[in-house]
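Derivation of every value follows stated rules applied to the coordinates shown; laboratory data play no part. Just so it is clear, the model here is predicted, and its values are computed rather than measured. Cβ coordinates were reconstructed from backbone atoms using ideal geometry, including for glycine residues, and neighbour counts include every protein chain displayed.
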């Protein structure tokens with residue numbers, strides 16, 4: 001006898017492991033992808049200006065998600081904010097940094 005069949009039934013449904021979603025697709029993925037795309041097109045000396053009212057999450061959560069995404073790919077950006085906007089720009093790293 002198989003010891004697994006002698007036990008009580010499982011509490012949860014099962015599925016093929018190949019069907020399990022892989023990777024972390026957080027709720028900030030869309031805004032971070034949009035910001036990174038805009039940063040790719042940004043001229044040196046400029047910043048993008050994201051209205052805080054347009055953010056679904058807080059600026060702190062968006063900054064945190066952006067920080068995780070940029071560190072993952074070795075990109076350097078800076079942020080600032082005021083009462084209305086989140087400002088983001090590319091930072092050039094010096095070769096000796």
**Prompt:** Peptides 30-43, 72-85: what's the order by average Cβ count within 10 Å, highest mean first?
**Reply:** 30-43, 72-85
**Asked** Residue separation times 0.36 nm, minus the C-alpha to C-alpha distance between residue 46 and residue 27: what's the value?
**Response** 4.1 nm
**Request:** Mind giving me the nanometre distance, one decimal, between the label points for residue 16 and residue 36, set 7 Å out from Cα along Cα→Cβ?
**Result:** 2.9 nm
**At 0.890 mPa s and 25 °C, Stokes diffusion of the range 28-90 via Kirkwood alpha-carbon radius, µm² per second** = 210 µm²/s
**Relative exposure of 27, 13, judged by other C-beta atoms within 10 Å (fewest first)** = 13, 27
